[in-house]
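In what follows, a single structure is set out as structure tokens and then discussed.
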Amino acid sequence: MNRFYRVAVDVLIEADAVIDKFVGDEVVALFIPGLAGKGHARKAIDAAAEILRATGEDGSPWLPIGVGVHTGQAYVDAVGAEGQLTDFTALGDAVNATARPASAAGAGETLASGAAVRAAELDTSGLAERIVELRGRSEPMAAAFVIPATRAPTSADDERGAARP
């Protein structure tokens, strides 16, 4: 796990993410617009692709992982006992909704919500669409797009944000 954490943290920090927490075999990262910029959703999807590449998902994986990406409004702040900072985290519906595509992503794929794909201005033609059930809600996530590691977008893509074939 340490190797995975090291790779993921390096990729995420390079992409201007804030590491929120490590939960078992998962890393929770925040792409805060004030820090990551207007293109925060695109940076999150690019970072997901890079993590998949760095763990070998575009060839021979040394760790089979999937990545979930979602965007939305969250409340980000330091939390803890009065007078003591014990954690920096994000709270809210968008944070809870992000856990669903993350847990539904198969090995070697990024599962990005429709909101994240729209915010990143990705061309969805040719991408598989999946319905993701959200615990505690009667309606599923409107759309989630499967972005395989072999077709993951990179920062070198054109201005529209179209993914490479």
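Structure data summary
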{"read-out": "Residue order, fewest to most beta carbons within 10 Å, for 43, 21", "value": "21, 43"}
{"read-out": "Value of D in µm² per second that Stokes-Einstein yields for segment 6-56, Kirkwood Rh from Cα pairs, at 4 °C (1.567 mPa s)", "value": "119 µm²/s"}
{"read-out": "C-alpha long axis of helix 93-104 to longest principal axis of the chain, angle in °", "value": "50 degrees"}
{"read-out": "In degrees, nearest ten, helix 2-14 long axis to first principal axis of the chain (Cα)", "value": "90 degrees"}
{"read-out": "Crossing angle, helix 40-54 versus the chain [Cα axis fit, 0-90 degrees, rounded to tens]", "value": "70 degrees"}
{"read-out": "Descending semi-axes in Å of segment 80-124, equivalent ellipsoid built from Cα gyration tensor", "value": "30, 14, 9"}
{"read-out": "Computed magnitude of the charge dipole of the chain (debye, nearest 20; Cβ of K, R +1, Cβ of D, E -1)", "value": "220 debye"}
{"read-out": "Amide H within-cut-off set for residue 65, under 5 Å, with H built and near neighbours excluded", "value": "108"}
{"read-out": "Residue with peak Gaussian network fluctuation, the chain [Cα springs, cutoff 10 Å], from 57, 82, 129", "value": "82"}
{"read-out": "The chain, relative contact order in percent, only Cα pairs under 8 angstrom and at least six apart counted", "value": "19 percent"}
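Each reported figure results from applying straightforward, stated rules to the coordinates on display, with no laboratory input. Keep in mind that this is a model prediction, so the values were computed, not measured. Note that each Cβ is placed from the backbone with ideal geometry, even for glycine, and that neighbours are counted across all protein chains shown.
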